[in-house]
Amino acid sequence: MIKYLKKAGILVAVFIVALILFSRALNHESVDRTTELKAASLPVVYVVQQDVRTGELHGHTDQMDAASIAEQTIPVQSGNKIQLTIENLPKDVDTLSYEVRTEDGKRLVEDAKEVSITHKEEMGTAQLTFQDLFQDGTRYLLTLKLDAGQKELYYYTGLQKEGNCDTLSCISFASDFHKKTIEKTDSNSITAYLEPDASANNATLQSVSIKNRLSQITWGKLDVTEIGEPVVNVQEMTESYSSMNISSVLSSANEDGSTSYYNVNEYFRIRPGGNRMYLLEYNRTVEEIFQGATASVSGNQVNLGIRSQDVEFHANNAGTGVCFVQQGELWAYDQETGQMVKVYSNRSQLSTDAVDARENYMQHNIRVIKTDESGSIDFIVYGYMNRGEHEGQNGISVCHYDNVTNTVEEYLFLSTKQSYQEMRDMLSQLLYISDAGVFYTAVDGKIYAINVDTSEVKVLPYTLKEGSFKTSETGRYAAWTDGDAISEASVLHVIDLNTEAVSDIKADAGYCIQPLGFMGTDCIYGLSQKSRVESTGSFLADTLKIAEISETGVDNLTSYGKTNYLIQGIDVGHGVITLSLLSEDGTGTATDTITNKDLEGSKSVQVESVTNGTRQTEVHLVFSDKKQDVSVVLKEPKLILPEKSATLSLEEDVLK
């Protein structure tokens, strides 16, 4: 009996220990690491002149290169004073400091350590009075500094003495013009400034210019309302003219009772002339803020609204799912389930009363790297971070959306002192995330590989020269040649960044070689007689070739050449290559096409323009297959808190 009791005791003990271990494991696995994106918190600084906001400055938590960040210019009148309004200002911040430097940032012109701020609720006002040190026609850089508790915030803009530029009068004219187009009152007074042309497109509100007719300038039959105050950003000040942008948010009521919202940008170039103003140039673009409502989906179409036709989107192979970027947001739609996911967004809630300027600040964008059949997406957010853990920083956030768990996880954040425009140019060269979790990008001709798990950085032993390399649409493949002279390029290198395997294509004797582009995963390259390139200094291809890239290397699929003609350039569409041809004697031009039957017509989602009454032309994403209508289900994913920080500095950790 004792023996059996001992055995029973042992079994009970084992069971208890196992139960404890299982419970701990279960508790560990069930730890909820999901959260919401933190709300925007940094103050916004406005420059106010003649009751017009002539500058909207957003705070940076890192010291930046003022010359690249400060794009707008504030005109300084006689008296050398400017008035600041600071929104969402913490109550314990009652002073600011500033410095003025020459445009190259090297010489300090003047500074002030403590400028008083007057508080009223969550708003502050301050006046900057500069010394009389500014020279006419010279642009300077102003850096404002707010000490907000544990954060030092920096705000950047340009300054220029108004002198004889009469820029403030130009601002007053532009503001009045902007107001009249919306209110449609006294709109005839702006007719004299227009230059109607029969070639102008009067069937779309998305893009209008000084050449459109008055009805288009005044929004046709669409009634729009302005939300908040417009902001004027001066781009250039001269005695001959001033140029500026007016940014505003407008709304319009829809028939179903919903409201549409638009980010609107107007460009003016104005010459003051005594008793009147001369409007030299005017352009307006409209980009609708997509909301994912049921009304946006009908049959096999997703209505993106009034926006440009240049839509960044990716469809899955089955043609049933698509993700797209619009106004700084990433959306994904599944045609079969009706699931509409706002994958990434800085905006919380749109309202006809107000739109948060911090959330709507459009100095960032999104690039989709790749998608899979489950609906998951690898993407990056780059530029100014409006909110969240990196609010106030410029950088590149490498993210993954998991459609199964409906979560977004940031793999890596690269902070940088580069401006949004500089990042946009840099990332247009090369961008990819491999299946092994390695992020690739190119800076100054070098390919950098960053492991998102270990943060290990390495530089691939290749050099990319501007004009002598091309990347595929997905970013997975890149092709380039070596050497400084085009005539010396005898070998074309093609890399698969998913494996880092490199294949070489050698030019025929007496010829040099250059990459021309990619069609899908196929590399397009040209061959040109070396003697001609040496004598002319330009690459005109005698022959175009298309090579298939596979795990075993590259294989030539087809070759093209036209008697008495040379190939001076190509344009790659979906399944079609359009060739620009030049006669050998240089006197004539022609075009021709090469068609890939495997790709032509296989695009499961297309961008189409659709006419819609008072809204005129809208942009739709159209699925090739029309499925039974389903109810749209709007979802927003949670963020996953990383178990360890994966934050690097582009300048200090990567480019060192």
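Do you know which residues across region 106-125 are open to solvent by 30 Å² or more (accessible area, probe 1.4 Å) and assigned to a loop (DSSP other than H, G, I, E, B)?
If the condition is that a residue be open to solvent by 30 Å² or more (accessible area, probe 1.4 Å) and assigned to a loop (DSSP other than H, G, I, E, B), then K106, R107, E121, E122 are the ones that fit.
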Practice problem: Among what's in region 389-417 and is open to solvent by less than 10 Å² (accessible area, probe 1.4 Å) and in a loop (DSSP other than H, G, I, E, B), pick the residue that is farthest from L57 (Cα to Cα). | Solution: T416
Quiz item: Among the residues of region 146-162, which ones are surrounded by fewer than 19 Cβ atoms within 10 Å (Cβ to Cβ) and out of contact with any Lys or Arg (no Cβ under 9 Å at 6 or more places or on another chain)?
Solution: D147, A148, G149, Q150, K151
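Could you list, in sequence order, the residues of region 265-278 that are under 18 Å from T218 (Cβ atoms) and either of a type in the set (S, T, Y) or crowded, with 20+ Cβ neighbours inside 10 Å (or both)? Don't jump to the end; show me each part of the working.
As a first pass, look at region 265-278 and keep what is under 18 Å from T218 (Cβ atoms): 265-268.
Hits for region 265-278 are E266, Y267, F268.
Residues checked against (1) small (G, A, S); (2) within 25 Å of T73 (Cβ to Cβ); (3) under 34 Å from the mean Cα position of the chain (by Cα):
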| residue | (1), (2), (3) |
| --- | --- |
| E110 | no, yes, no |
| V115 | no, yes, no |
| M123 | no, yes, yes |
| Q131 | no, yes, no |
| D136 | no, yes, no |
| Y140 | no, yes, yes |
| T143 | no, yes, yes |
| A148 | yes, no, yes |
| E152 | no, yes, yes |
Quiz item: S468 fails exactly one of the following numbered conditions: (1) without any contact (Cβ under 8 Å) to a residue 12 or more places away in the chain; (2) open to solvent by less than 40 Å² (accessible area, probe 1.4 Å). What is the number of that condition?
Solution: (1)
Exercise. Within region 563-619, track down each residue that is outside any strand (DSSP E or B) and either open to solvent by less than 40 Å² (accessible area, probe 1.4 Å) or modelled with pLDDT of 95 or more (or both).
Key: G573, G575, G588, N596, S604, R615, Q616
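Looking at region 539-562, is at least one residue aliphatic (A, V, I, L, M), under 17 Å from L430 (Cα atoms) and part of a strand (DSSP E or B)?
Within region 539-562 (the criterion being aliphatic (A, V, I, L, M), under 17 Å from L430 (Cα atoms) and part of a strand (DSSP E or B)), the answer is no, since none of the residues qualifies.
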Practice problem: Read through the list (1) touching a strand residue (DSSP E or B) at 6+ places or on another chain (Cβ under 9 Å); (2) free of Cβ contacts under 8 Å to residues at least 12 places away in the same chain; (3) under 26 Å from T463 (Cα atoms); (4) among the small types (G, A, S), then give the number of the only condition that A509 fails. | Solution: (1)
Self-check item: Those residues of region 173-198 which are more than 13 Å from I217 (Cβ to Cβ) and touching a strand residue (DSSP E or B) at 6+ places or on another chain (Cβ under 7 Å), in sequence order
Solution: F173, A174, S175
Quiz item: Being over 30 Å from E152 (Cβ atoms) and under 16 Å from the mean Cα position of the chain (by Cα), is that true of even one residue in region 393-403?
Solution: no
Quiz item: Among the candidates K211, K184, which residue alone is open to solvent by 60 Å² or more (accessible area, probe 1.4 Å), more than 27 Å from the chain's Cα centre (by Cα) and either at positive phi or touching a residue at least 60 places away in the same chain (Cβ under 8 Å) (or both)?
Solution: K184
Practice problem: Tell me, please, whether a residue that is surrounded by fewer than 21 Cβ atoms within 10 Å (Cβ to Cβ) and of a type outside the set (G, A, S) can be found in region 374-384. | Solution: no
Exercise. Filter region 224-240 down to residues that are in contact (Cβ under 8 Å) with a residue 60 or more places away in the chain and either on the phi > 0 side of the Ramachandran plot or open to solvent by 50 Å² or more (accessible area, probe 1.4 Å) (or both), then give me how many there are.
Key: 6
Quiz item: List the pairs whose first member sits in region 105-125 and is touching a residue at least 12 places away in the same chain (Cβ under 8 Å) and within 17 Å of N80 (Cβ to Cβ), whose second member is loosely packed, with under 12 Cβ neighbours inside 10 Å and of a type outside the set (A, V, I, L, M), and whose Cβ atoms are under 9 Å apart, counting only residues at least 6 apart or on separate chains?
Solution: V109/Q131; E110/Q131; A112/T129; V115/T129
Quiz item: (1) open to solvent by 10 Å² or more (accessible area, probe 1.4 Å); (2) over 22 Å from K638 (Cβ atoms); (3) aromatic (F, W, Y); (4) not in a loop (DSSP other than H, G, I, E, B): which one isn't true of F439, the others all being true?
Solution: (1)
Exercise. Restrict the check to region 435-457 and report whether at least one residue is under 23 Å from Y511 (Cα atoms), without any contact (Cβ under 8 Å) to a residue 40 or more places away in the chain and not aromatic (F, W, Y).
Key: no
Quiz prompt | Enumeration of residues in region 292-321 that are polar (S, T, N, Q), surrounded by 15 or more Cβ atoms within 10 Å (Cβ to Cβ) and closer than 14 Å to V605 by Cβ | solution = N300, Q301, N303, N316, T320
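A quick yes/no check of all residues on (1) within 26 Å of Q327 (Cβ to Cβ); (2) aromatic (F, W, Y); (3) in contact with a Leu (Cβ under 7 Å, 6 or more places away or on another chain):
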{"position": "D166", "(1), (2), (3)": "no, no, no"}
{"position": "T191", "(1), (2), (3)": "no, no, yes"}
{"position": "L194", "(1), (2), (3)": "no, no, yes"}
{"position": "S207", "(1), (2), (3)": "yes, no, no"}
{"position": "Q235", "(1), (2), (3)": "yes, no, no"}
{"position": "S247", "(1), (2), (3)": "yes, no, no"}
{"position": "S252", "(1), (2), (3)": "yes, no, yes"}
{"position": "Y262", "(1), (2), (3)": "yes, yes, yes"}
{"position": "E266", "(1), (2), (3)": "yes, no, no"}
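Residue-by-condition table, conditions (1) touching a helix residue (DSSP H, G or I) at 6+ places or on another chain (Cβ under 8 Å); (2) not β-branched (V, I, T):
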| residue | (1), (2) |
| --- | --- |
| T474 | no, no |
| C512 | yes, yes |
| I524 | no, no |
| R532 | no, yes |
Quiz item: Does S535 fit the bill of being surrounded by 12 or more Cβ atoms within 10 Å (Cβ to Cβ), modelled with pLDDT under 95, out of contact with any Lys or Arg (no Cβ under 9 Å at 6 or more places or on another chain) and hydroxyl-bearing (S, T, Y)?
Solution: no
Quiz item: Of all residues in region 456-500 being among the aliphatic types (A, V, I, L, M) and closer than 22 Å to L655 by Cβ, which is modelled with the lowest pLDDT?
Solution: L464
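The values are calculated or read from the model by the stated rules, or taken from the named source; none is laboratory data. The structure displayed is predicted, hence computed values, not measured ones. Glycine gets a Cβ as well: all are built from the backbone with ideal geometry, and neighbour counts include every protein chain shown. Each accessible area value is taken on the protein alone, full model and side chains, heavy atoms only, with ligands, DNA and RNA left out. Shrake-Rupley method; radii C 1.70, N 1.55, O 1.52, S 1.80 Å.
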